[in-house]
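Heads up: the structure comes next, in structure tokens.
The values are calculated or read from the model by the stated rules, or taken from the named source; none is laboratory data. Just so it is clear, the structure is predicted and the values come from calculations on it, not from any experiment. Cβ placement follows ideal geometry from the backbone for every residue including glycine, while neighbour counts extend to all protein chains displayed.
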């Protein structure tokens, strides 16, 4: 028999950690190779972690809601044959913790163990630190006050154990010092989320946000606080596009096996405009501007549960219309089925959102940080319009829509932001109704 280390796999170029959301197997369960063992979540994507081997799950090292770093061992699987794996470092750590626990019994007499909601904190705490805090009855506000000596100021095992020793042996001096350190942390803003609102009439339903909605809420507020949002709007005549699509969509689906929607047509125009205006294809990092070499278009997609996700079409400027349609359909379908991979949502340089899908004429979308622009596509409507001809002007029915461009006024002025969206409109209005597919 041998022990196989099940590690958190690399999930993308910029994904360093993930949160465990559900264990699909329990200790003692038999696992087949490639069978899913647990479910994890990154900032945007939920996915499963499969086993590379067949065997029996003998040990689980992390619990639900624990944050795990890429490459960390999360469980052990007993397999047939081979040499045993060295004992995990966590065993030694656990022994050390038990030894320290014996020295802080006096502190335990006055401390009441409580369930700590670590999701209310923006700091990273390892599972070991969390377990020690729970065992010793350390509140989140106390934990926030501990000065971390680890990487990026993280609280290490030694940091929290030193805090416990001082807390137990010197209760008198600790009391006045503690409020000074944690006073800002105990502001009403931090405590408020813990208490669920109460229905006054007893008929209102109180529902807690799910993990993804909490993240979306956090990112949207941060974006508004970071970027100086300003908008430009332009109305576009897309009559030629509507007529052309009506003419070729059935032929396109029969030949390519894909539906032809308006989205890839609009995406193609945006990619062309970004090549014309490369200063819209940038990001902001502090006081520096990063000019992106690749044009990676994010397309905001609504999920069945009402949440939002932004899969990315990589190197969109290199795709023809057929390739763009396949990319749009593939990412859209996998988003609805929850089959996106972490890499599918990374590396976007500009985002497009189709508010017209829900009947909106136009919108004022929030920038997807650290990008500097986002384009909202409004609903296509039949409207009366003035048509200029050599014989004079007359009124006709045209298919029109609004483009709403939100951009970061810190680095994009009105001339650039307005010229960019005008170029997108020019490409759409110049659509050749005799174009081949």
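Brief remarks on what is shown
- Segment 269-291 - residue that is in contact with a helix residue (DSSP H, G or I) (Cβ under 8 Å, 6 or more places away or on another chain) and free of Cβ contacts under 8 Å to residues at least 60 places away in the same chain and, of those, surrounded by the most Cβ atoms within 10 Å (Cβ to Cβ): 271
- Segment 14-69 holds strands (runs of 3 or more DSSP E) entirely within its bounds, and those carrying 2 or more residues that are touching a residue at least 60 places away in the same chain (Cβ under 8 Å) map to 17-23, 46-50, 67-69.
- Matching entry among 289, 282, 295 (being assigned by TED's automatic domain parsing to the domain that holds residue 336 and under 24 Å from residue 241 (Cβ atoms)): 295
- In the set (1) in contact with a helix residue (DSSP H, G or I) (Cβ under 6 Å, 6 or more places away or on another chain); (2) at pLDDT 95 or above; (3) under 28 Å from residue 326 (Cα atoms), the condition left unmet by residue 258 is number (2).
- Of the residues 344, 393, the single one that is over 30 Å from the mean Cα position of the chain (by Cα) and either modelled with pLDDT under 95 or not assigned by TED's automatic domain parsing to the domain that holds residue 317 (or both) is 393.
- Test set (1) in contact with a strand residue (DSSP E or B) (Cβ under 9 Å, 6 or more places away or on another chain); (2) modelled with pLDDT under 95; (3) in a helix (DSSP H, G or I) - residue 217 fails condition number: (1)
- Filter result for residue 29 (closer than 28 Å to residue 217 by Cα and outside the structural domain of residue 314 (by TED's automatic domain parsing)): no
- Some residue of segment 318-331 being assigned to a strand (DSSP E or B), surrounded by fewer than 16 Cβ atoms within 10 Å (Cβ to Cβ) and over 26 Å from the mean Cα position of the chain (by Cα): no
- Checked against (1) part of a loop (DSSP other than H, G, I, E, B); (2) within 26 Å of residue 258 (Cα to Cα); (3) over 16 Å from the mean Cα position of the chain (by Cα), residue 339 meets all criteria but (3).
- The helices (runs of 4 or more DSSP H) found wholly in segment 141-205 and carrying at least 3 residues that are modelled with pLDDT under 60 occupy 171-182, 188-191.
- Among residues that are surrounded by 15 or more Cβ atoms within 10 Å (Cβ to Cβ) and closer than 21 Å to residue 258 by Cα, residue 379 is not included.
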